[in-house]
1. Would you be able to tell me the number of residues in region A:1-13 that are assigned to a strand (DSSP E or B), more than 8 Å from every other protein chain (Cβ to nearest Cβ) and among the aliphatic types (A, V, I, L, M)?
2. Could you go through region A:37-46 and let me know if any residue there is touching a residue at least 12 places away in the same chain (Cβ under 8 Å), in contact with a Phe, Trp or Tyr (Cβ under 6 Å, 6 or more places away or on another chain) and away from every other protein chain (no Cβ under 11 Å).
3. Could you tell me which of the residues B:52, B:5 is within 17 Å of residue A:46 (Cβ to Cβ), surrounded by 14 or more Cβ atoms within 10 Å (Cβ to Cβ), within 12 Å of another protein chain (Cβ to nearest Cβ) and in contact with a strand residue (DSSP E or B) (Cβ under 8 Å, 6 or more places away or on another chain)?
4. I'm trying to understand the selection: among the residues of region B:72-100, which are surrounded by fewer than 17 Cβ atoms within 10 Å (Cβ to Cβ) and either among the hydrophobic types (A, V, I, L, M, F, W, C) or more than 24 Å from residue B:23 (Cβ to Cβ) (or both)?
5. Just one of A:25, A:19 is outside any loop (DSSP other than H, G, I, E, B), modelled with pLDDT of 95 or more and in contact with a Leu (Cβ under 8 Å, 6 or more places away or on another chain); which is it?
6. Determine which member of the set A:86, A:65 is of a type in the set (Asp, Glu) and either at pLDDT below 95 or more than 18 Å from residue A:10 (Cβ to Cβ) (or both).
7. Checking the structure you have, find out if any residue of region A:93-103 is part of a loop (DSSP other than H, G, I, E, B), facing chain B (nearest Cβ under 8 Å) and either within 16 Å of the chain's Cα centre (by Cα) or over 25 Å from residue B:103 (Cα atoms) (or both).
8. Conditions first: (1) on the phi < 0 side of the Ramachandran plot; (2) away from chain B (no Cβ under 12 Å); (3) more than 12 Å from the chain's Cα centre (by Cα); (4) of a type outside the set (Lys, Arg). Residue A:16 passes all but one, so which condition is the exception?
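The values are calculated or read from the model by the stated rules, or taken from the named source; none is laboratory data. Since the model is a prediction, treat every value here as computed from it, not as a measurement. Methodologically, a virtual Cβ is constructed for each residue, glycine included, from the backbone with ideal geometry; neighbour enumeration extends over all protein chains shown.
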Amino acid sequence: MIYELRVYHCVPGKLPDLIKRFDTITLKLWEKHAIHQAGFWTTLVGPGNNDLTYFLKWESLAEREAKMAKFGADPDWQSARAKTEEAGPIVASITNSFLTPTSFSSAK
Amino acid sequence: MIYELRVYHTMPGKLPALLKRFDEITLKIWERHGIKQAGFWTTLVGDSNADLTYMLQWESLAEREKKWDAFQADPEWHAKRAETEKAGPINARVENSFLVPTSFSSVK
């Protein structure tokens, strides 16, 4: 299994909008595309209180490539996202990386 | 629940020594102190291939303070850590932060 660690750095004041979008829009579309989350967190103590950190779980890079491309091209996602950003962008920047569980990891 | 995200930036060539220490020494001592992991990962694609990323799970900052201090003061940990670092330090630097799961997180 490959874990994709994604950190969204929000535009100031927009973290609540991002959280609402995941909760009411994005996660439902991900279900349709069989994209699996492995946790979502906000920051209690750390570099940015505007950040959302989350994990996606993939069987392979090939699965990631195929499913993320379909999700990105989904007209439902494109129109819903556009609506949530009528007042301006929500996310300022994203950092992501691919991580592999160690043999002794409780998350496999 | 509070998640502590920890990223260890190891000295060049020392990531295998760090993995071995967690696998054979640290995790056993943590069990004794009631310190719970929530996943360990190495980097497949990201900032550095010498990093170990992991998460600890805490009920509260008070629990973290008490258990981490007890672990840091543990004579077995001191002795075994010193043995693993006879040839020089393993870690160059550690980054950590406290994260809180969102309402829709698969990890609670």
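1. Selection size over region A:1-13: 1.
2. no
3. Matching residue, one of B:52, B:5: B:5.
4. Listed by number, the residues that qualify are B:73, B:79, B:82, B:87, B:92, B:94, B:100.
5. When all the criteria are applied, what remains is A:19.
6. Numbers: A:86 fails: either at pLDDT below 95 or more than 18 Å from residue A:10 (Cβ to Cβ) (or both).
After ruling out the rest, the residue left standing is A:65.
7. If we filter region A:93-103 for residues that are part of a loop (DSSP other than H, G, I, E, B), which is where we start, we get A:102-103.
In the following step, the residues that additionally are facing chain B (nearest Cβ under 8 Å) were identified as A:102-103.
Those left that are additionally either within 16 Å of the chain's Cα centre (by Cα) or over 25 Å from residue B:103 (Cα atoms) (or both): A:102-103.
Yes: region A:93-103 contains one or more residues that are part of a loop (DSSP other than H, G, I, E, B), facing chain B (nearest Cβ under 8 Å) and either within 16 Å of the chain's Cα centre (by Cα) or over 25 Å from residue B:103 (Cα atoms) (or both).
8. For residue A:16, the failing item is (2).
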